[in-house]
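FYI, it's all coordinate maths here, none of it is from the lab. These numbers were taken from a predicted model, which means no experiment stands behind them. Backbone-built Cβ (ideal geometry, glycine too); neighbour counts: all protein chains shown.
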Amino acid sequence: MNKRVTIQIPDDLYRVISRYGDLNGLDPDNYATMALQRHLEDLQDIAAAEAAMKAIQSGEDRVVSSKEFWHGLDD
């Protein structure tokens, strides 16, 4: 089920959302929802990358070359 959230945004930001929404065939609400969803997905990707980097730096995980990765898998 969808929930409605009401926020106040500056007029200039609303104009940008409306303009990009029009370019993508979306009303401002749907475009803002899409933009927010993409931003949150980006934040999740960044968190995953930071966790992977931390695991590599701590020695918990390591980076392997493509040659090492594929060794034995192509037999």
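A few notes on this one:
- Seen against the Cα atoms of the chain and their longest principal axis, helix 28-58 is set at about 20 degrees.
- Candidates per GluC sites (Glu not before Pro) in segment 1-73, loop by DSSP, up to 16 other Cβ within 10 Å: GLU60
- Restricting the chain to trypsin sites (Lys or Arg not before Pro) in coil, as DSSP defines it, with at most 16 other Cβ within 10 Å: LYS3, ARG4, ARG62
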